[in-house]
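Enquirer: Okay, here's the structure, questions in a sec.
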Amino acid sequence: MPDPRVQEHPIVLADANNFYASCEAVFHPEVAGKPLVVLSNNDGCVVSRSYEAKALGIANGTPWFTIRQEAAYDQVIARSSNYELYGSLSRRMMSIMSGFLPGQEVYSIDECFMHSPWGSEQTRRIAAVMRRAVLQGVGIPVSIGIAPTKTLAKITNHWAKRHPSSRGVTTWGDLSRDDQGTAVLSSIEIDDVWGIGRRLAKRLRGLGIRQAAQLRDQDPVNMRRRFSVQLERTILELRGIPCIADDSDATGDKRDCQILCSRMFGTPILGEEGLRQAASVYAQYACRRLQRQHSLCTRVSVFCASSPFSKHDQYSSVCGSILLQDPSDDPVIISAAARQALHGRITPSVRYVRAGVMLTGLVDAASYGTLPALGAQTDPGLSEVFEQVARRFGPAHVGIGFAGIRGDGRNNDGTGAAWAMRREMLSSRCTTRWDEMPVVRAD
Amino acid sequence: MVVSIRTRQPGITGVDTGMARLSDVISSIHPASESPVPVPQALEAVHAGFPSVAQDYFDGDFSLDEHIIMHPDTTFIVTVAGDSMQNAGIWDGDLLVVDRALDPQDGDVVVAVLDDELTVKRLVMHGHTPVLHPENPAYPDFIPSPDQDLLIWGVVTGNYHWQRNTAQRHAEQPVPSVTYPGAKSSGGAIVAPKHPGAYRHGGWGSRHA
């Protein structure tokens, strides 16, 4: 008998399980089935755990140095974040899925939404095949949630991960069969609802709204007046009415407002010279992203900060900004501006641990002519040459300033500066570096 | 590397005037008081000479990648270490094109997981039992026991054999396989946790970099 709640055109959310940890196992069968953690930039905190590591009680966000000893005792394998590998496997996974259902929006490195033109049960069948295709094709397990709205699809997946569900595909219909989903929505904390940030959650809790079911039952018009139209939309979505529009920015990496490249240093930097080097290198990363989305920028800002946890120094942060005379995507101009931006603002005795370069005032490159007398200062072809060299020889063989100086060893070849990010336990970049290709044994 | 940069000075045409002085470039950076105004792009590029007679015919040379790799999303390139597949025409140092999307069939050369390692063998059915057969009489077949699962990583669709080996094989340093003090490099049962709940630190909250 057909389910009266069969949804037309449901939203599908596909979300990889323990993505970084799962990627580490694809080319390394020796770590499959074992406790493994992946660490954030600078090998700082745990950002991903295999199931076996979760079973040991390791929480996400735990600083690595606080559990290093116990991890050794329990034979937990640790890996630095291997972004090259994760980006490569993500692209393949998203591409495979886009062949099954239309309207894919890649939301993050490990999740995407799709829009199914079929009913709920047909979508479930397609999703099951899609899941097997991703598992076989790239070795990554994904969980799939099918629901009338994006907010409910997120909740479906969130619930399914906490309750191992039927073969990795769950529909909102399964969870809301008897009671319109009230039981499940009552078990979801308000903070875990998509679109509700920490501050908003705090305000809602102040009004006695602690879980999703209570939010769903609020008057949407009233909530729009008291909070925002976004909250009204979230309430309607919780009721099964789709109204969060496709974020066209999410279907690519294009940014309209700003491009930010911000990193922590491997070791603290004292003094202006080191900060100028770092600003120049980060400016070049940001500039590459700028060129890829065919934009120009008009303002270059740089900020740097000391450690908020330091016992010796007071926390201090500095920023400076340069307005370019003309919109530009030329790395020479942008990195020169980044080097200038903090001039005269650095305190020589402060140990800075993080810096970032932000490009703002973005405009579309196509709307500017290249006549030198008016319009933009565009890159005359330097970046293209850099990219060709990088494709042939690897990164950091040529660049402006320290971006052109490689470090020693495979973990440091991003840049040779002493302050470069530590990644001591980096696994092989199996699909992006010719000299780190997997080796199969014939012996 | 010497790079030519077009300068803004009038009277300098063309690109081969050598490096601009960095001070010229930096001097163009100073606070501006007005926001920039868009300028319409010039209309069409101007052709010099005659259009190409080949334009309806020539679209670019064919690509080796596109012809050899049927499923780019699920195809990986790996390299071979050892000589156990010589009778299949696969030599030490060859590149293998491995497609995970193909379902392995009797007679396929496959990459399989054996002893926690990726190995290349030919898959041969002995009745209902799949057997991993090296193509070199010096090496033994691997016959899984009835309760063992044979894990096929992917199907080899082809290999590239270097004639002039100018390529560097393998990285200079071995990559870490299992990282903890006193580790063995492979295999072993999963050890039960010694201190369940030992990782519950209050900690600093998440400090995602």
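Enquirer: Using per-residue counts of other Cβ atoms within 10 Å, averaged over each peptide, order A:191-199, A:297-305, B:128-136 from highest down. Spell out each step's value before the answer.
Expert: On the way: A:191-199: 14.4, A:297-305: 22.4, B:128-136: 16.7.
Peptide ranking by packing, descending: A:297-305, B:128-136, A:191-199.
Enquirer: With an 8 Å Cα cut-off and a minimum separation of 6 or more residues, compute the relative contact order for region B:103-167 in percent.
Expert: Reported relative contact order: 33 percent.
Enquirer: What is the calculated FRET efficiency for A:L270 to B:H126, with r their C-beta to C-beta distance and R₀ = 51 Å, to the nearest 0.05?
Expert: Working from the Cβ atoms, E equals 0.15.
Enquirer: For A:A418, put the label point 7 Å out on the Cα→Cβ axis and report which residues of region A:331-361 keep their amide N under 19 Å from it.
Expert: A:347-355
Enquirer: Run the simple label-point estimate for A:T182 and A:R203 please: 7 Å along Cα→C-beta, distance reported in nm.
Expert: 2.8
Enquirer: Also, I was wondering about something else. Classify region B:103-167 as rounded, prolate or oblate, taking a ≥ b ≥ c as the square roots of the eigenvalues of its Cα gyration tensor: rounded when a/c is under 1.5, otherwise prolate if a/b is larger than b/c and oblate if not. Walk me through the intermediate numbers first.
Expert: On the way: a/c = 1.97, a/b = 1.93, b/c = 1.02.
Verdict is prolate for region B:103-167.
Enquirer: According to the square roots a ≥ b ≥ c of the eigenvalues of the Cα gyration tensor, what is the shape class of region A:118-162, taking rounded for a/c under 1.5, prolate for a/b larger than b/c otherwise, and oblate for the remainder? Spell out each step's value before the answer.
Expert: Values: a/c = 2.83, a/b = 1.33, b/c = 2.13.
Oblate, because a/c is 1.5 or more while a/b does not exceed b/c.
Enquirer: Here is a further query. Have a look at region A:323-351 and report residues whose accessible surface goes down by 30 Å² or more when the remaining protein chains are included, against the chain on its own, probe 1.4 Å, ligands and DNA/RNA excluded.
Expert: A:L323, A:Q325, A:V332, A:I333, A:A336
Enquirer: Per residue of B:71-83, what is the mean number of Cβ atoms on other protein chains within 10 angstrom of that residue's Cβ?
Expert: Averaged over the peptide's residues, the number is 6.
Enquirer: Now for a different question. Packing-wise, with mean Cβ within 10 Å as the measure, how do A:228-234, A:36-42 rank, highest first?
Expert: Values: A:228-234: 17.7, A:36-42: 24.1.
Top of the packing list down: A:36-42, A:228-234.
Enquirer: When you look at the Cβ of every residue in A:74-82, what mean number of other chain Cβ atoms sits within 10 Å?
Expert: Mean number of neighbouring Cβ atoms from other chains: 4.
Enquirer: Mind pulling the angle between the C-alpha long axis of helix A:382-393 and the longest principal axis of chain A? Nearest 10 degrees, somewhere in 0 to 90.
Expert: The angle comes out near 80 degrees.
Enquirer: Within 10 Å of each Cβ of A:95-105, how many other protein chain Cβ atoms are there on average?
Expert: Mean shielding by partner chains, rounded to a whole number: 1.
Enquirer: Here are some pairs, A:K54/A:K161; A:K54/A:K150; A:K34/A:K161; which of them have Cα atoms lying more than 24 Å apart in this structure?
Expert: Result: A:K54/A:K150 exceed 24 Å.
Enquirer: Can you check what the net charge comes to around A:V142, using other residues whose Cβ is under 13 Å from the Cβ of A:V142 (Lys, Arg +1; Asp, Glu -1)?
Expert: +2
Enquirer: While we're here: Quick check: the distance between the Cα centres of region A:69-113 and region B:45-95, to the nearest angstrom?
Expert: Centre-to-centre (Cα) distance: 27 Å.
Enquirer: A:S367 to A:A245: extension gain in nm, 0.36 nm per residue of separation minus the Cα-Cα distance?
Expert: Working: separation 122, 0.36 × 122 = 43.92 nm, distance 2.74 nm.
Length gained, A:S367 through A:A245: 41.2 nm.
Enquirer: What part of the accessible area of chain A, given as a whole %, is carbon or sulfur when the probe is 1.4 angstrom?
Expert: Of all accessible area on chain A, carbon and sulfur atoms account for 51 percent.
Enquirer: Can you tell me which of A:116-122, A:399-405 comes out highest on packing, and rank the rest after it, using the mean Cβ neighbours within 10 Å?
Expert: A:399-405, A:116-122
The values are calculated or read from the model by the stated rules, or taken from the named source; none is laboratory data. Since we're looking at a predicted model, the values are computed, not measured. Reconstructed Cβ throughout: ideal geometry from the backbone, glycine too, with neighbour counts over all protein chains shown. Ligands, DNA and RNA are excluded from the accessible area calculation, which covers all protein heavy atoms including side chains. Shrake-Rupley method; radii C 1.70, N 1.55, O 1.52, S 1.80 Å.
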